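Some notes on the structure that comes next.
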Amino acid sequence: MKFIKLMGIPLVLLIGYTACKKSKTYTKSKTDLLTQKSWKLAAARSKHDNGNWEDIFPFIDSCRRDDVLNFSISSFYSIDEGLSKCFPADSQIVASGSWAFDSNESQIVLTGNQIKSLLILSEDTLKYSETGPSGWSTYTAEYTYIH
C-alpha cells in the first residue's frame with residue numbers, strides 16, 4: 001500500500017504539470033502556405049469587362065488540367081506537366097522562374113512581371129486573379145488550385 005501511495009504522488013504531479021502546460025499556436029506565413037505543397041488546378045473562370053463570369057475549366061485541355069504548380073521557399077516556381085503531356089516531346093517543366101510577394105503580400109509577381117492578385121491563400125486553397133487587355137476589352141480570369 002505504501003508503494004502505491006509513493007508511485008501515485010509522482011504520477012499526480014506529472015499529470016498536473018502536463019495539464020497546465022500551454023500549447024504554442026503557430027500561424028503560418030503566406031510564404032509557408034504557398035510553398036508547403038504542390039498545387040493542382042481545380043477551377044477556372046473568366047469575364048470580359050463587367051460581363052458575367054464564365055466557367056472556362058471544361059475548355060482547358062485535360063493535359064493542362066493535371067499540371068502541377070510548385071513554389072519553393074527559395075523564390076523559385078515551376079509548372080510541371082503532371083501525368084499527361086500535351087505533346088510527348090515537350091519538356092516535363094512547362095514554365096519556371098522566380099516569384100515574390102509584393103510589399104503587402106496581396107500579389108504574387110512571377111518572372112516577366114506576371115502579376116497574380118491573391119483572392120484566397122489557405123492551408124488547402126490558392127485562388128488568384130489576373131487581368132489584361134483582350135482586343136477592345138479587359139479580360140479577368142480567376143484560377144483556383146488545391147493540394
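Quick note: the coordinates plus some simple rules give every number you see, no bench work behind them. Only a predicted model underlies this, so the values are computations on that prediction, with no experimental measurement involved. Cβ: placed from backbone, ideal geometry, glycine included. Neighbour counts: every protein chain shown.
Quick look at the values:
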item: Relative contact order (%) - criterion: Cα under 8 Å, at least six apart; region: segment 49-106; result: 27
item: Above-threshold pairs, the threshold being 21 Å between Cα atoms, out of Lys85/Lys116; Lys85/Lys127; Lys24/Lys127; Lys47/Lys127; Lys30/Lys127; Lys47/Lys85; result: Lys85/Lys116; Lys85/Lys127; Lys24/Lys127; Lys47/Lys85
item: Least to most buried among Lys40, Lys28 (fewest other Cβ within 10 Å first); result: Lys28, Lys40
item: Amide N of segment 109-134 lying under 12 Å from the label point, which is placed 7 angstrom from the Cα of His48 along Cα→Cβ; result: 134
item: Dipole magnitude of segment 33-147 about its Cα centre (Cβ charges: Lys, Arg +1; Asp, Glu -1), debye to nearest 20; result: 40
item: Inter-site label distance for Lys40 and Thr125 at 7 Å from Cα along Cβ, in nm; result: 1.8
item: Cα centroid separation - segment 89-124 against segment 56-77, whole Å; result: 11
item: Hits among aspartates and glutamates - C-alpha to C-alpha of Lys28 under 16 Å, sequence gap 8 or more where chains match; result: Glu105, Glu123, Asp124
item: Estimated inter-spin distance, Asp90 and Ser103, nm [label 7 Å along Cα→Cβ]; result: 3.8
